[in-house]
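The values are calculated or read from the model by the stated rules, or taken from the named source; none is laboratory data. No experiment lies behind these values; they were computed from the predicted model shown. Heads up, the Cβs are rebuilt from the backbone with ideal geometry, glycines too, and the neighbour counts pull from every protein chain shown. When the accessible area is computed, the model is the full protein with side chains, heavy atoms only, and any ligands, DNA or RNA have been set aside. Shrake-Rupley method; radii C 1.70, N 1.55, O 1.52, S 1.80 Å.
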Amino acid sequence: MNIGIVCYPTFGGSGVVATELGKALGEHGHKVHFITYAQPTRLDFFNENVYYHEVTFENYPLFKYPPYEMALASKIVDTAIHEKLDLLHVHYAIPHASSAYMAQQILKTRGITMPFITTLHGTDITLVGKDETYEPVVTFSINASSGVTAVSENLKERTLRHFDVNRQIRVIPNFVDFRRFSKQPKEHFKTAICPNGERLIVHTSNFRKVKRVDDVLKVFNLIAAKMPAKLLLVGDGPERPHIENLGRELEITEDVRFLGKLDAVEEVLSVADLFIMPSERESFGLAALEAMACEVPVVSTNAGGIPELNIHGETGCITEIGDVEAMAEHALMVLDEQNLPRFKAAALARAKQFDQSVIVPQYEAFYREVLENGCV
Ligand code: GMT
């Protein structure tokens, strides 16, 4: 197949999933055309089947807000014509699904049929999309898509609850590439960070409010009061200054390190003992899956689709949002040397159910259904 992929190229789960999917599809022999405004973060490899088309737009003094949605639609039209796309797959509804619709209608006037699939990832539905600023367009574009997928049952249910959707939504969960996310022998790194055998706790996110990174520090503070431990924070974002201040207030800066937007996150996960995900919204929790693939148990909240991944008492523990005491109590239980090996093994076994080789064929089958039926 000749597949166009539209996504956000920056740090964030939807762009990561889109890029990993494109990479896997390229390896399966499909031609994959990424259409984005910048090189996606994980599109840092060469594959003869993978192409990149940059959306460029001229600014003009009249535009307070440059019309990106139109530039994207025009680029989709251009790519569809010249690369002969069989279908387009857009990740994150806003504004990608409405640009896809516009492109589809333009192509129709030129006698070209281009079905488009929209994958809902999370905040496009749970936060931004249901705001009245965007809701009518999001509802329309979901209904106008040739196929719609959501990354968890929870996200599907929320979409049906919050939007007037009159079509099916297929759940295709996120996946992990074990060739990259597997426990690697990085003991020298562990020794450098934890010279006295401390437990190593990790959190990765884009440091937005919904991630509740302050809870990570509060939980860590409670853990460190009972057990020698270190905390590594991977990622960056708007909450970072506030988190740094909180670390100073809690007097834990000696034991907390900010690693920034580290690419080789799998190296950190390879030596971690526990991953903390205290999010208040999380449609799936890809970062937790990547941790589990590296044999790291997860202490998380019960937000959104996380319980579809993290199994309480098996692969880690689940608490109510904001209950830092419960999170710390569960973390201490998981980190206990009697329990840790069983949690690590269960985290890995669960992650294997989301192996790329299991999930990517579900997208390929969905593409075929859409191409055969025009709409699913
Ligand atoms: O929240 C993020 O990290 C970014 C956001 C995105 O769309 O870029 O992530 C969402 O999509 C990920 C991939 O499907 C999911 O794993 C995340 O749970 C989801 N984030 C939220 O729902 C808050």
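Quick check, is residue 151 away from the ligand (no atom under 14 Å from the Cβ), at pLDDT 95 or above and either out of contact with any helix residue (DSSP H, G or I) (no Cβ under 6 Å at 6 or more places or on another chain) or open to solvent by less than 20 Å² (accessible area, probe 1.4 Å) (or both)? Spell out the reasoning first.
Details: away from the ligand (no atom under 14 Å from the Cβ): no; at pLDDT 95 or above: yes; either out of contact with any helix residue (DSSP H, G or I) (no Cβ under 6 Å at 6 or more places or on another chain) or open to solvent by less than 20 Å² (accessible area, probe 1.4 Å) (or both): yes.
Here the answer is no, as residue 151 does not meet what is asked.
Between 60, 101, 51, 92, which is within 29 Å of residue 236 (Cβ to Cβ) and assigned by TED's automatic domain parsing to the domain that holds residue 363?
On the way: 60 fails: within 29 Å of residue 236 (Cβ to Cβ); 101 fails: within 29 Å of residue 236 (Cβ to Cβ); 51 fails: within 29 Å of residue 236 (Cβ to Cβ).
Answer to the selection: 92.
Looking at the stretch 101-120, which of its residues are part of a helix (DSSP H, G or I) and open to solvent by 20 Å² or more (accessible area, probe 1.4 Å)? Explain how you work it out, then say what you get.
At the first step, the residues of the stretch 101-120 found to be part of a helix (DSSP H, G or I) are 101-109.
Scanning the stretch 101-120 gives 101, 102, 104, 105, 106, 108, 109.
When only residues in the stretch 1-33 that are under 17 Å from residue 371 (Cα atoms) and of a type outside the set (Lys, Arg) count, which is nearest to the ligand (Cβ to nearest atom)? Walk me through how you get there before you give the answer.
Filtering the stretch 1-33 for residues under 17 Å from residue 371 (Cα atoms) gives 1-5, 25, 30-32.
Retained after the next criterion (residues that are of a type outside the set (Lys, Arg)): 1-5, 25, 30, 32.
Numbers: 1: 22, 2: 24, 3: 18, 4: 19, 5: 14, 25: 17, 30: 21, 32: 18 Å.
If we take residues in the stretch 1-33 being under 17 Å from residue 371 (Cα atoms) and of a type outside the set (Lys, Arg), then 5 is nearest to the ligand (Cβ to nearest atom).
Can you find, within the stretch 121-148, the residue that is farthest from the ligand (Cβ to nearest atom) among those that are open to solvent by 30 Å² or more (accessible area, probe 1.4 Å) and among the polar types (S, T, N, Q)?
Within the stretch 121-148, the match that is farthest from the ligand (Cβ to nearest atom) is 143.
Between residues in the stretch 13-39 that are over 17 Å from residue 86 (Cα atoms) and residues that are within 14 Å of the ligand (Cβ to nearest atom) and open to solvent by 30 Å² or more (accessible area, probe 1.4 Å), which pairs lie under 7 Å by C-beta distance while being six or more apart or on different chains?
Partner pairs satisfying both residue conditions: 14/8; 14/92; 15/8; 15/41; 16/42; 19/42; 20/42.
Inspect all residues belonging to the stretch 228-240 and state whether any of them is farther than 15 Å from residue 328 by Cβ, open to solvent by 50 Å² or more (accessible area, probe 1.4 Å), in a strand (DSSP E or B) and not basic (Lys, Arg).
no
Note down all Cβ pairs under 8 Å where the first residue falls in the stretch 127-142 and is in contact (Cβ under 8 Å) with a residue 12 or more places away in the chain, the second is of a type in the set (D, E, K, R) and open to solvent by less than 70 Å² (accessible area, probe 1.4 Å), and they're at least six residues apart or on different chains.
What qualifies is 129/135; 138/124; 142/167.
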